Each structure stands twice: as C-alpha cells, then as structure tokens.
Amino acid sequence: MTLILLAVNACLINNVVLSQFLGICSFLGVSKKSETASGMGMALTFVLTLSSLVCGVLYHFLLVPFHLEYLKTIVFILIVAALVQFVEMFLKKYGKSLYDALGIYLPLITTNCAVLGVALLNVQKDYSILTGTVYGLATALGYWIAIVLLSHIREKMVYNDVPKSFQGFPIVMITAALMSIAFFGFAALK
Amino acid sequence: MKKLKKDTPIERIWNGIFVENPVFVLVLGMCPTLATTTSAMNGIGMGLSTTVVLALSNLLISLLRKIIPERMRMPAYIVVIASFVTMVDFLMEGFTPDLYKVLGIYIPLIVVNCIIMGRAEAYAGKKPVVASFFDGLGMGLGFTLALFLLGSVREIVGAGTWLGMQITPSGYVPVNIFVLAPGAFLVCGFLVAIMNKLKIGAGRRPKSEWDPTEKICGDCYSCMKFDVCDKKPEGTETTAQTIARAKGTVAEAVAPAAAKSAAAAKSGEKEAES
C-alpha cells in the first residue's frame, strides 16, 4: 500500500518534470511529435527502472559495506552510461523489434538528468532496493505522461498564431508552466 | 564594438557572458536553471558552483587533451567532471550548509549539465590550457548571470524580497506562484521572449565553430537548436516548415536562420519542380 502511495506521489503529485525539473532538456526537445515523445517515454521508463535497480544493488552491496558512499556520484553516472550502452547492444542482438522502437532514444538517456537524479534521490531518501525501483518506475511513468501531453499540445499549437518573439522556445515554456499549474491539482490526492 | 582577438581570456569571458550565453542564447542546462532559481541568492550559489566545476574541468581536460585517446574521450570527461563535482559537493556541505540544503540534489546533478560536457567536447578538448580555463570561467559567469536574473525576477515578484531584503512596499501581496514550479517556466519563457524581441538572443546568435547540436545531447531529437541547425539529417522539417505546411504559405520563421533554411528549402523545391 505504501508502495502504491509512493508511486502515485512520484508519478502525479511530484511529477518529475513539472515540479522537480529533472529531464527538462529532453522534455522540451523531443516533444515535437507525439510518436517520438511516446518512444522517448518508453525508452526512459525501461532504462530508469533498470538503472534504479542496478544503482540500488550496487550502492547497498558494494559502496556501503566498503564505506565508499562518497563515490556515489561518479559510480552512478558511470553505471548509467555503461547500462545504456549495454541495453543498446543487448537489444540490438536479441530484441530487434524493441530496438527498432527505442533505438534512437537510448543514447539520449545518458545525459537525461532524471536517471542520475532518481538514483541519487533513492540514496538521499534512504529507500530500499525495492522501494527505489518502484520509485524509479513511477517517476518514469510521470515523465511519460508529461511528455506525451506536451507533445499533443505542441502538435495542436502549430496551427496557432503565436507572437513572433514567443515562437519556438518561449511558448513551449509557457505551455509547460500551464501544465505545471494543472498538475498542482493532483496535490489534493494526498 | 571592436572585434576582440580570438581565444584571449577577455574574449572568452565576453563570449561566455554575452555572445554565447549558455541559458539565453544556447538554451543549455535548463534543469538547474529552472529548479534552483527560487531566489536570487540560490541562483548565484548554483551558478558559482557550476562555474568552479566548469573552469576546473576545462583546465584539466585541456591539460590531458593529448593523452586521452580519441575513443575514450567521453568516459574520461565524465570521470574528470564527476570528480570535481564530488569535491564541490563536499566543500559546499562543509562551508555553506544552508545553501547546500536548499540546492540539494542539484549539486551532484552538475555532472549531467550539458553545458559542462558541451564545453569539454567543443572547446577544452581542442584548445590550449589558458584559453580553456577562461572559456569555462566565462561560460560559468554567463550561466551565473542568467540564474541571477531569473532568480531576481522570481524572488521580487513571488516573495517581494531581493537577496533577502524587503524591497516592495508593504501593500504588495507577493504572487506566490512565481516561487513555485510554474513560475520558473513562466519567467524563463518570458525572459527568452524579451531577449528575442530585443534581438539579444536569437537575433545576434553567432555562427561559431561550436555546433551545439553535435554530440552534446546525443542527437537532433533532443536539441533545442534544431530549428537553426544546418547539420540536422536531410528531410527533417523545421518548425518553420511545419508551420508553413500547416498554413499553406511560408510563415514568418522562428529565428532568422530558420527563415533562411525554410526559404532555401522552398527554393530547392522550386528548382526541383522546374
């Protein structure tokens, strides 16, 4: 039950992009078309769940017993980079259809701060490995929801007459601001 | 203004702060920009810690540029950057505990700030040591300035204070939402729009040897400069072209460069037709 509450919290109330500002770069960059946005969301869900599991295991069974907690930033970023590479190679060999769907988004995920952010938050909040993995999954689902919503708004926005200075980046930011206000409504779920 | 000599310390700092301001011109490193600018002071704190990492990692990477093998570039850069970030993390925990508590997870997240990786890849990996150091310093100061500006607006409107001092008249009711998450998006959007209007950002966007689309965010799909980039894969359509298609005319483009590319695409089509 606590896990479900945690998941709802991470997914909607404290949405990773709209209230914690993690993964903004890809949130703004990949949300041009709904298909690519959805693909990115899927790829991130896959990697983020896996990376919070791997980072959790390594932290609890390797770094803590040897009192190397101070190395966590370096270790986590290397794990994430290596994991993304590995997942890409694995999918290329054994999961052709999944690779075709996620392939182009995988390299982007290394630099997505949501992945490293969740790994660090898990440590900061003292989550166990299971809780951490659920948190990672829920966070990624929240990202997926947010980016798909934004991409659909942007697809509609193409037909609108936006003032010249606001075209491109600024209007997307303002859309995100309105979405962020809307997501405040989920605070009532608490 | 007189054109400054290339790769001198002053030129690099000027470049970082104004010509290629990482936030307002290159639109890089948005996560800390939005997350930590709840007040002017937090903005400065985040900006300066990023500046330290940026300058030092540029320095070290430039020193090591002839030793690091081409294929191992990325992992080596990541390790260098992550080491400096860890150092800054501990120094801040020790000496500025209050600020450390506020900035929290965004200090270790400096590792994945695209500005740092971008500068390492684009500048420090190729240029001499002194120029690289000042390049990092300039970029960092530009980042700090942007964060300070954003933080100031949010703090004044959202809390009625500036750098912790009460500056609005007592009758002013602070608009709380500016300090909360939506305010960050809103203020940033408006600031970039103002820069566009005044032709500070997009209008005087320089054509530099550094192409931000290259190898920083991975590929074009995640790149904010997609519309003005001429290295994107063939056949991909810019926002301007999408608008043009939607309206049936070539609309006013997002940025001058985008207009040019849209126009070029159109004339290309015409040639093909004829």
### Message
Using 29 Å as the Cα-Cα cut-off, could you pick out the over-long pairs in A:Lys32/B:Lys197; A:Lys33/B:Lys101; A:Lys92/A:Lys125; A:Lys32/A:Lys96?
### Response
A:Lys33/B:Lys101; A:Lys92/A:Lys125
#### Entry: Candidates per GluC sites (Glu not before Pro) in region A:56-157, loop by DSSP, up to 12 other Cβ within 10 Å
none
#### Entry: Spin-label proximity, B:Ile10 to region B:94-137 - amide N less than 17 Å from point 7 Å beyond Cα toward beta carbon
B:131, B:134-135
### Task
Divide the volume of the convex hull of the Cα atoms of region B:101-189 by its number of residues and quote the answer in cubic angstrom per residue.
124 Å³
### Query
Given charges of +1 on the Cβ of Lys and Arg and -1 on the Cβ of Asp and Glu, with all other atoms neutral, how large is the dipole of region B:96-173 about its Cα centre, in debye to the nearest 20?
160 debye
### Query
When the convex hull of the Cα atoms of region B:83-125 is projected onto a plane and the area is averaged over all directions, what value comes out in nm²?
3.2 nm²
#### Entry: Ellipsoid equivalent to chain A - semi-axes via the Cα gyration tensor, in Å
30, 21, 14
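Values quoted throughout were computed directly from the atomic coordinates according to the rules given, and no laboratory measurement underlies them. In this text the structure is predicted, and so the values were computed from the model without any measurement. Methodologically, a virtual Cβ is constructed for each residue, glycine included, from the backbone with ideal geometry; neighbour enumeration extends over all protein chains shown.
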